[in-house]
1. Over the chain, with a Gaussian network built from C-alpha contacts below 10 Å, which listed residue (85, 50, 62) shows the highest mean-square fluctuation?
2. At what distance in angstrom do the alpha carbon centres of segment 10-34 and segment 41-72 lie from each other?
3. Helix-derived [θ] at 222 nm for the chain: sum -39500 (n - 2.57) over DSSP H runs of at least 4, divide by residue count, nearest 500?
4. Just the Cα atoms of segment 9-93, one point each, no solvent: what log10 I(q)/I(0) does Debye give at q = 0.17, 0.21, 0.23 Å⁻¹?
5. Contact order normalised by length for segment 9-93, with contacts defined as Cα pairs under 8 Å and 6 or more residues apart; what percent is it?
6. Kindly express, to the nearest 10 degrees and within the range 0 to 90, the angle between helix 35-44's C-alpha long axis and the longest C-alpha principal axis of the chain.
7. Would you please give the FRET efficiency between residue 61 and residue 1, computed as 1/(1 + (r/R0)^6) with r the Cβ-Cβ distance and R0 = 30 Å, to the nearest 0.05?
8. Please work out how much length the chain gains when fully extended from residue 88 to residue 23, using 0.36 nm per residue of separation minus the C-alpha to C-alpha distance, in nm with one decimal.
Ligand code: SF4
C-alpha cells in the first residue's frame, strides 16, 4: 500500500524563529554578478531569497535565510562577497512539530 504524504513547506517554515543581525549581514552579494550565476540561486535557494524583477534587477534579503549553504556551494566565488554563519545566537532557530 502506498501512502501519500503532503507537506506544506510555508506552514512548516512559519514556525521557525529568526533573530536577525541588522548591522552585520551574514551574506553579502558581489556588485554586478553574472546573470547566469544569479539565476542558479533564484532556482535553488529553498527560501526563495534571490529574486529578479521584471526590469532584471536582482534583489536579495538575508533575513529569511535557512543557513542551508546551497548558495555558498553554488556561487561562493561568483555571486557572493561574504557568506558566514550568523554569530551571537543570531539567525534561524528551527522549530519542529
Ligand atoms: S544559505 Fe540557503 S537559504 Fe540562505 S540564502 Fe543561501 S540558499 Fe538561501
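1. Taking springs between Cα atoms under 10 Å, the residue moving most is 85.
2. 9 Å
3. -5500 deg cm²/dmol
4. -0.70, -1.03, -1.19
5. Numbers: 103 pairs, mean separation 37.9, N = 85.
Answer for segment 9-93 is 45 percent.
6. Compared with the principal axis, the helix lies near 10 degrees.
7. Numbers: r = 43 Å, r/R0 = 1.44.
So the FRET efficiency works out to roughly 0.10.
8. Numbers: separation 65, 0.36 × 65 = 23.40 nm, distance 1.26 nm.
Gain on stretching residue 88 to residue 23: 22.1 nm.
Read-outs throughout are calculated quantities, based only on the coordinates presented, and are distinct from any laboratory measurement. None of these values were measured; they are calculated from a predicted model. Using ideal geometry, Cβ is built from the backbone for each residue, glycine included, and neighbour counts are taken over all protein chains shown.
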